[in-house]
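Peer 1: To start, I am sharing the structure in question, which I have written as structure tokens.
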Amino acid sequence: MQFSFTEDQQMIRDTAESLVARSCQMTEVRAFGDGQSDFVDALWQDLAKAGFNGALVAESHGGSGLGMLEAGIALEALGGALAPVPFLSTTAVADLIGRLGSDEQKSRYLSKIAAGQISAAIVGCPDPAHRDENGALRGQWAPVANAESADLLLVVVADTATGDADSYSVNVIEDIKDSCTVETFDTMDRTRRGFGAITLTGAAGVPLAGSLDGDGYARLGAILAAGSAVEMLGGAVQVLEMAKTYAMERVQFGRPIGAFQAIKHMLADQLVALEGLRSLVWAALWAIDNAPEEAPLAAATAKAVADQVALQLAGENIQIHGGIGFTADIDAHLYVKRVQLDRLVWGPPGIHTDFLEAHLEEMA
Amino acid sequence: MNLDLQFTPITLSDRCEALRGEVRDFLDEQRREGVIPETLRKVGMEYSADFSRRLGARGWLGWRWPKAYGGSEGTALERYVITEELLAAGAPVRAHWVSDRQSGPVLLTFGTEDQRQKYLPGVAAGECFFCIGLSEPNSGSDLVSLQTRAEKIDGGYRITGTKLWTSNAHRAHYMLALFRTSKATADDRRAGLSQFIVDLDTPGIKVRPVVNLAGEHDFNEVHFDGVEIPDDCLVGEAGMGWRQVSAELAYERSGPERWLSTFHVLARLVETLGTDVSDETRREIGELFVELLTLRRMSLSVAGTLEAGQPPTVQAAVVKELGTRFEQRIPRVAHKLLCDCPDFEDQDSIARELLEHAILWSPAFTIRGGTTEILRGIIARGLGLR
Ligand SMILES: Cc1cc2nc3c(=O)[nH]c(=O)nc-3n(C[C@H](O)[C@H](O)[C@H](O)COP(=O)(O)OP(=O)(O)OC[C@H]3O[C@@H](n4cnc5c(N)ncnc54)[C@H](O)[C@@H]3O)c2cc1C
């Protein structure tokens, strides 16, 4: 196993970090939360120009033909900057279309995704849609990321007709508003908009040419879990940096508060937790590209740990800031609120630990 | 073990339990009248001057104070019962809370006869509200370093400086504030602080809202730009403010509000989950209840210590340290259990709203009224560690 970044990956990382530093400034994120900025389109374009939107799209379709690890590099930077873009859902959708789409379907969507012309949402993993007795598609999901603005919705459907529990089809819905009920709602996370509940009202959309087998479904689950985990890692890294910086600046009792052992130990515990998470996250992303059989377990582990560590660090950052941490004047609250949503969007925290429990039982 | 660290078990008298019944009947009535909401959608205490007046009319504010100042000459344990019932019902007690808990008692102990007569009857009637002016931009945990000055002038004092995080300053009548009246001495940095009552209508005071994490205007920044207040605003002895504030802080940290903030979330959780729950869920709820009952016993013995006329400094710190982490954990556990609960998203919007509000407020519990780290320092000192 190779656990350090290659030279290329390091370059990609530098690109992602400087792009995000330039195109996703905190002042913009905050203004966006108050409904007073629309920098998101420009950020989306910049990401596309740098080749990130097409990370999992083949070069023949205008993509950059990279892997989930490289997509993860972008996600870490985006999570750290609290970016309001639907990068993960769009990336997962590009991967599915690339794997299962007919040539025509690939040409129809992939170059547009890579060029940043469209964004996507996905439902059905976990909780695939099913067909009712009349063959109509049924399913309901909330909260769905990018529910409001997606140009494309992919629905993972359990194929009960084949009698194989591990067979799924994937349907593409273009006219989302006509085919499903989309109920958008505000969440406590003001750094992203357009979360919603999606309910299928019977419309089927068009199935991708190929069907999804158990391995393919597991890969999708791993991409979503590890992708979300690396975004949360990005947030946690920023939060620790913020806490550390404040601990060195804020003076009480004639000393920086970071000189008190209570604060030192809190920060040291955070670093220990963060490094554990970091290893799990990159191992999961690496496995998706290089050791698919290990990916589901690695990704579920990474997400289960991210759900805890990111919450812990974001909360303790407020504690270290004292009173000002409980205000909207500094950014600490944005991270706490974002984590709350991150924990729910790709399946509630319980599903990842349930997966691990089931895995342990199999081993026993 | 050091005597100061004992938690003496307390059994509530029949008189206390009878009073509990009276308070409950009153609260039921208030609920019927719509003064207290039937279902709670927020944690913490709502602000209602009207409700505070109703409590005052019942004689339940200033409970322990002499009748001469509008009090009821009751006991600390009886007061405990009243506050516990009010909090458990989610009553809107915020307007009078700190005046009844700490500002009044400070005036009773350290105030002049004139001050007692002027302020206490209003507080006991639920008509006169205080806020607490301790923290400043550069002085929170290290309160002693505060910089707002009260300079002696002819007939009074001139105040210059800024107080921060002052809850309710925008709706209270007075601030019980700590200012610096002279420089700290070389051998005692606590010297030179003094307590004052500041009428918030005095010209030159600017109250600026600070929006909190939940998006609410609850605390404030209060500027004093050469504000002049008369001599009779000084509370107690000039320069002895620190000793007085230490007593005040023991009151501030002593009550059941330090572990009941999210009690409704727990109650609602049990209701929403219903009876058909997994063993694991049962265990989680069971653990929370064990802690709740333990905290209640400990909190009662703090009230017993107050009753015995002793400062419950270390016990109060122990209860607040444990209690605030407990009330902070409840929403986390509730969130986890409810996420696993099928159809929670569609069914119980009230529980969701309440939980969201609890999640947003919970970081404050371990900061306000002295941070967890500072409380641990007090507990360690109580053990004799310096
Ligand atoms: C909701 C809310 C309401 C409030 N209402 C009021 C009010 O009405 N009136 C009022 O006067 N104040 C009020 N406060 C202020 C509160 O008392 C202070 O926030 C608190 O005392 C901490 O001070 P600080 O914010 O300056 O943080 P700091 O003191 O700067 O602390 C920052 C961090 O350093 C840690 N730290 C500091 N010193 C030490 C040490 N020696 N050892 C270990 N760790 C240390 C703290 O624990 C904290 O984690 C309120 C606060 C909140 C959140």
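The values are calculated or read from the model by the stated rules, or taken from the named source; none is laboratory data. Everything numeric in this text was worked out from a predicted model, so none of it was measured. When we count neighbours, we look across all protein chains shown, and the Cβ atoms used for this are built from the backbone with ideal geometry, even at glycine.
Peer 1: Being within 15 Å of the ligand (Cβ to nearest atom) and either surrounded by 18 or more Cβ atoms within 10 Å (Cβ to Cβ) or more than 12 Å from chain A (Cβ to nearest Cβ) (or both), is that true of even one residue in region B:272-288? Reasoning before the result, please.
Peer 2: Initial filter on region B:272-288 (within 15 Å of the ligand (Cβ to nearest atom)): none.
No: region B:272-288 contains no residue that is within 15 Å of the ligand (Cβ to nearest atom) and either surrounded by 18 or more Cβ atoms within 10 Å (Cβ to Cβ) or more than 12 Å from chain A (Cβ to nearest Cβ) (or both).
Peer 1: Kindly provide the set of residues from region B:153-179 that are within 20 Å of residue B:103 (Cβ to Cβ) and away from the ligand (no atom under 14 Å from the Cβ), ordered by number.
Peer 2: Those that are within 20 Å of residue B:103 (Cβ to Cβ) and away from the ligand (no atom under 14 Å from the Cβ): B:157, B:159, B:173.
Peer 1: Which residues, taken from region A:233-270, are more than 34 Å from the chain's Cα centre (by Cα) and of a type in the set (A, V, I, L, M)? Lay out the reasoning, then the answer.
Peer 2: Just the residues of region A:233-270 that are more than 34 Å from the chain's Cα centre (by Cα), to begin with: A:251-257, A:259-261.
Correct list: A:251, A:257, A:259.
Peer 1: For a quick check of your reading of the model, give me the residue pairs whose first member lies in region A:258-272 and is farther than 16 Å from residue A:318 by Cα and within 11 Å of chain B (Cβ to nearest Cβ), whose second is within 9 Å of the ligand (Cβ to nearest atom) and outside any helix (DSSP H, G or I), with beta-carbon atoms closer than 9 Å and at least 6 apart or on different chains.
Peer 2: Short answer, once both residue conditions are applied: A:260/A:252; A:260/A:253.
Peer 1: Right, next: Evaluate region A:222-243: report whether one residue or more is in contact with a Cys (Cβ under 6 Å, 6 or more places away or on another chain), of a type in the set (A, V, I, L, M) and in contact (Cβ under 8 Å) with a residue 60 or more places away in the chain.
Peer 2: Scanning region A:222-243 turns up no residue that is in contact with a Cys (Cβ under 6 Å, 6 or more places away or on another chain), of a type in the set (A, V, I, L, M) and in contact (Cβ under 8 Å) with a residue 60 or more places away in the chain.
Peer 1: Moving on. Inspect all residues belonging to region A:241-253 and state whether any of them is more than 14 Å from chain B (Cβ to nearest Cβ), surrounded by 22 or more Cβ atoms within 10 Å (Cβ to Cβ) and either closer than 25 Å to residue A:72 by Cα or not polar (S, T, N, Q) (or both). Let's see the steps before the verdict.
Peer 2: Of region A:241-253, the ones more than 14 Å from chain B (Cβ to nearest Cβ) are A:241-242, A:244-245, A:248.
Going one step further and asking which of them are surrounded by 22 or more Cβ atoms within 10 Å (Cβ to Cβ), we end up with none.
Looking through region A:241-253, none of the residues is more than 14 Å from chain B (Cβ to nearest Cβ), surrounded by 22 or more Cβ atoms within 10 Å (Cβ to Cβ) and either closer than 25 Å to residue A:72 by Cα or not polar (S, T, N, Q) (or both).
Peer 1: Given the condition within 14 Å of chain A (Cβ to nearest Cβ), buried (at least 23 other Cβ atoms within 10 Å of the Cβ), within 16 Å of the ligand (Cβ to nearest atom) and closer than 20 Å to residue B:270 by Cβ, answer yes or no: does some residue in region B:334-341 qualify?
Peer 2: no
Peer 1: Here are some residues: A:117, A:45. Which one is closer than 25 Å to residue A:170 by Cα and not aliphatic (A, V, I, L, M)?
Peer 2: The unique qualifying residue is A:117.
Peer 1: In addition: Failed condition for residue B:217, given (1) touching a Ser or Thr at 6+ places or on another chain (Cβ under 8 Å); (2) within 27 Å of residue B:44 (Cβ to Cβ); (3) of a type outside the set (A, V, I, L, M, F, W, C), with all others met?
Peer 2: Only one criterion is unmet by residue B:217, namely (1).
Peer 1: (1) modelled with pLDDT under 90; (2) part of a helix (DSSP H, G or I); (3) under 30 Å from residue B:142 (Cα atoms): which one isn't true of residue B:254, the others all being true?
Peer 2: (2)
Peer 1: May I pose another question? Within the group A:209, A:236, which residue is at pLDDT 95 or above, of a type outside the set (Lys, Arg), closer than 30 Å to residue B:215 by Cα and not in a strand (DSSP E or B)? Let's see the steps before the verdict.
Peer 2: On the way: A:209 fails: closer than 30 Å to residue B:215 by Cα.
Going through A:209, A:236 in turn, the sole match is A:236.
Peer 1: I've got another one for you. Just to be sure, is residue B:247 surrounded by 21 or more Cβ atoms within 10 Å (Cβ to Cβ) and under 19 Å from the mean Cα position of the chain (by Cα)? Working first, answer last.
Peer 2: On the way: surrounded by 21 or more Cβ atoms within 10 Å (Cβ to Cβ): no; under 19 Å from the mean Cα position of the chain (by Cα): yes.
It is false that residue B:247 is surrounded by 21 or more Cβ atoms within 10 Å (Cβ to Cβ) and under 19 Å from the mean Cα position of the chain (by Cα).
Peer 1: Would you mind finding the one in B:218, B:232 that is within 16 Å of the ligand (Cβ to nearest atom) and assigned by TED's automatic domain parsing to the domain that holds residue B:185?
Peer 2: Selected residue: B:218, the only one of B:218, B:232 that is within 16 Å of the ligand (Cβ to nearest atom) and assigned by TED's automatic domain parsing to the domain that holds residue B:185.
Peer 1: Kindly list the number of the only condition in (1) in contact with a helix residue (DSSP H, G or I) (Cβ under 6 Å, 6 or more places away or on another chain); (2) crowded, with 16+ Cβ neighbours inside 10 Å; (3) of a type in the set (S, T, N, Q) that fails for residue A:15.
Peer 2: (1)
Peer 1: Restricting to region B:351-380, what's the tally of residues that are more than 7 Å from chain A (Cβ to nearest Cβ) and either in a loop (DSSP other than H, G, I, E, B) or under 18 Å from the mean Cα position of the chain (by Cα) (or both)?
Peer 2: Total satisfying the criteria: 10.
Peer 1: State whether the residues of region A:183-195 include one that is over 19 Å from residue A:315 (Cα atoms), outside any loop (DSSP other than H, G, I, E, B) and more than 16 Å from the ligand (Cβ to nearest atom). Quick ask: steps written out before the conclusion?
Peer 2: Initially, region A:183-195 is screened for residues over 19 Å from residue A:315 (Cα atoms), giving A:183-186, A:192-195.
If we keep only those that are outside any loop (DSSP other than H, G, I, E, B) as well, we get A:183-184.
Then keep just the ones that are more than 16 Å from the ligand (Cβ to nearest atom); that gives A:183-184.
Within region A:183-195 (the criterion being over 19 Å from residue A:315 (Cα atoms), outside any loop (DSSP other than H, G, I, E, B) and more than 16 Å from the ligand (Cβ to nearest atom)), the answer is yes, since at least one residue qualifies.
Peer 1: Oh, and also: Tally up the residues in region A:324-364 that are in contact with a Leu (Cβ under 7 Å, 6 or more places away or on another chain), in a helix (DSSP H, G or I) and away from chain B (no Cβ under 12 Å), please.
Peer 2: Summing the residues that are in contact with a Leu (Cβ under 7 Å, 6 or more places away or on another chain), in a helix (DSSP H, G or I) and away from chain B (no Cβ under 12 Å) in region A:324-364 gives 2.
Peer 1: Check off (1) on the phi > 0 side of the Ramachandran plot; (2) more than 16 Å from the ligand (Cβ to nearest atom) for residue B:203 and give me the number that stays unchecked.
Peer 2: Only one criterion in (1) on the phi > 0 side of the Ramachandran plot; (2) more than 16 Å from the ligand (Cβ to nearest atom) is unmet by residue B:203, namely (1).
Peer 1: Then there is this: Can you tell me which residues in region A:302-339 are touching a His at 6+ places or on another chain (Cβ under 8 Å) and away from the ligand (no atom under 16 Å from the Cβ)?
Peer 2: A:303, A:304, A:307
Peer 1: Name the one entry in B:309, B:369 that is within 11 Å of the ligand (Cβ to nearest atom) and of a type in the set (Gly, Ala, Ser).
Peer 2: B:369
Peer 1: Let me ask another. Quick test for you: out of B:91, B:76, B:57, B:95, pick the one residue that is touching a Ser or Thr at 6+ places or on another chain (Cβ under 6 Å) and in contact (Cβ under 8 Å) with a residue 60 or more places away in the chain.
Peer 2: B:95
Peer 1: Here's another thing I want to ask about it. Return the residues of region B:201-230 that are acidic (Asp, Glu), closer than 20 Å to residue B:176 by Cβ and within 21 Å of the chain's Cα centre (by Cα); say none if nothing qualifies.
Peer 2: B:218, B:221
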